[in-house]
Amino acid sequence: MTFRQFALHNVRRSFSRYAAYFLSSAFAVTIFFMYAAFIFHPDVVNGTIRPSVRKGIFAAEVIVFLFSVFFIFYSTSSFLKLRKKDFGLLTLFGITRGQLNKLIVIENSIIALLSIITGMGFGALLTKIFFMMFSIILDLPSPLSYYIHWKAIASTAAVFLATFEAITIITLITIRSSQIIDLLISAKKPKKPPVYSIWLSLLAVICLAIGYYLAYTSNIVQMMKRVLPILLLVIIGTYFLYTQASIGLLRYYKKRKRSYYRGTNLITAAELTYKLKDNARILSMVTILTAVTFTSTGVLANLYFGKKAEAEARFPHAISLISKKEPKAFDNKLQILKNTFRDERIPFKSHKAAFIRAYNPKKPNDQAMQHLVLMRVTDYNRFADLAGQPHISLPANTAAYMYPTPDKGYEPIRGKQITLAAQHSDKTITVSLTKPIYQPVINPTAFAGHMLIVPNHVFATMRQFAAKEAIQYYFGASYENWEKEASIIKKLNRSLKADDDVDFTNRFEFFYEMKKIFSLMLFIGFFVSLLFFLAADSILYFKLYNDLEQDGKQYEALSKLGLTLKEMKQIAAKQVAILFFIPFAVATVHAGFAFKMLQNMVSGSVVKTSVLVIILFFVVQLCYYFLIRSLYTKKVEQVM
């Protein structure tokens, strides 16, 4: 047997050790290859596809590559620990340092080449479907042709081969610093009793509680300031949850004699005490990776599937016109708009109203108070009917501030009372402020200031002494299937040219931009998130497989004490289930508060889509669990 044949035989004999590592690496290569095929596609290079799409795919390539480096490095380190005994025996039998290095290089190169070839093979098969899906998402006139540039093949092979070989060199440096005796006894070092601290357990609870509170109460204004503190608090809390709080919970469980001494629970709990402590960093890392996967996929899915509801909340009317002051151009453009609807034979509902530009003379230094706009409550309710919003009623001599967007946390108009005066007038009226209205009923526009809804009699009084220049006019219209009527928006954009006196806004353009952005982000993010999730599960697989030899000896000892095969398989299944589903459960809780943060920033409900995302990943996790449990229990059977 030649040296190369010996290395190849080692890989083939130990392939079950490399299975998850190999498949996850091949999946990363597949995603990288498909993205590279898109980047180097002639239609993309020549500018047929907008540059922002190419930049988005390139950014995803970088993320996939960086995560692949981390994943491959961790996986190689895990296999190094698993094979230290083998390396020690080979060194003891006379293999030289150079030969050991050569063996490691050949074995890692074989796995690297197999992963790259397999990944690019699957990538070549799936690229056609990938291009078709991309064409649908980008609304291209015709699908991208199936074309794989040689640069896509060369760049994928070069990047991953260089990554594998660089990590192999790091592995050799680690092996070089280990002595033979260390390699032989690395798996037999005695476990230290787990140390438990009540204060660190409380720290875990406090960190998670503060992080959850910040997420639960965040709005769109506070979000950017709170993201990093929330992430840091959750990571710290998660780590000490596994290293400290979990041990405390198990100690508490041991005091519950009735349950603790039932069946094989005593053995399961005793072993878990060590496993949770030994695997704390891995479980923390898996939990955070899984939470990131849930959150990113859930957020992108909610933004994509909720884009229509979000557009309707931010633009209550399908189209609108508003005058900056009382111009003749407003009526002319309004007539053009109505004629266009008539020509397109699109039925619509509409309402026109007058607004009064006002200010608060008692607060001359407050910019918000100098740019007020008054709307009577009757007009508010008519606009609410067009937007599908509920009516409101106002007591006499009151006013309610209406947010310009549905985003909470922004409230420039505060206080118990406010004095109002129409622009170009010195007569005033004082009203009391009620609870603000968070959902606007008119489209956002720079022509309108801070909107106050007032009772009809207050509006009538203000209009009596309001100058002509203080009056604005707003027209809002709604019609069915607005998201499909692109032609009328194009015609209106051509005929209603922008000027300084009349502002034309529409919901369709906002919706279309959201569709382009979020569909692309969801398509890119889904594959990256799936890679993260599979890598997290693979890390658990590596850890369980690394512990198989030591666990096998424990089960062999238990069998000599009289435990049956069925009982030992139950113990094994419970331990695998706990290690697999505790991170999943904790990650689900983390993601749940992230979804609540998202709910505070969007208008539509995120519950349904978020639950579907969790269920989808739970099904994948369940399949993975049954596979790993089967491999693990077979190992238990072998020691009997």
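Rule-based calculations on the coordinates, nothing more; no lab input. Bear in mind that the values here come from a model prediction, so they are computed numbers and not experimental data. Cβ: placed from backbone, ideal geometry, glycine included. Neighbour counts: every protein chain shown.
Points worth noting:
- Simple point charges give the picture: +1 on the Cβ of Lys and Arg, -1 on the Cβ of Asp and Glu, and for the range 288-421 a dipole about the Cα centre of about 380 debye.
- Model label points for Lys608 and Ser197, set 7 angstrom from Cα along the Cα-to-Cβ axis, are 4.8 nm apart.
- Subset of Lys307/Lys608; Lys338/Lys468; Lys468/Lys497; Lys307/Lys435 violating a 18 Å alpha-carbon distance limit: Lys338/Lys468; Lys468/Lys497; Lys307/Lys435
- Fully extended contour minus Cα-Cα distance, from Met132 to Phe626, at 0.36 nm per residue: 174.5 nm
- Links that overshoot a 31 Å alpha carbon limit, given the list Lys324/Lys349; Lys308/Lys352; Lys225/Lys352; Lys225/Lys484; Lys325/Lys596: Lys225/Lys352; Lys225/Lys484; Lys325/Lys596
- Projecting label points 7 angstrom from Cα along Cα→Cβ for Glu411 and Gln464 puts them 3.3 nm apart.
- A straight chain from Lys497 to Thr434 at 0.36 nm per residue would run longer than the Cα-Cα distance by 18.8 nm.
- Residue separation of Phe67 and Val221 scaled by 0.36 nm, minus their Cα-Cα distance, works out to 52.3 nm of gained length.
- The distance linking the range 109-157 with the range 436-486 is 52 Å (Cα centroid to Cα centroid, whole angstrom).
- Residues Asp503, Asp385, Asp537, Asp426, ranked from the fewest to the most other C-beta atoms within 10 Å, line up as Asp426, Asp385, Asp503, Asp537.
- Antiparallel %, DSSP beta bridges [both residues in the range 319-506], to 5: 80
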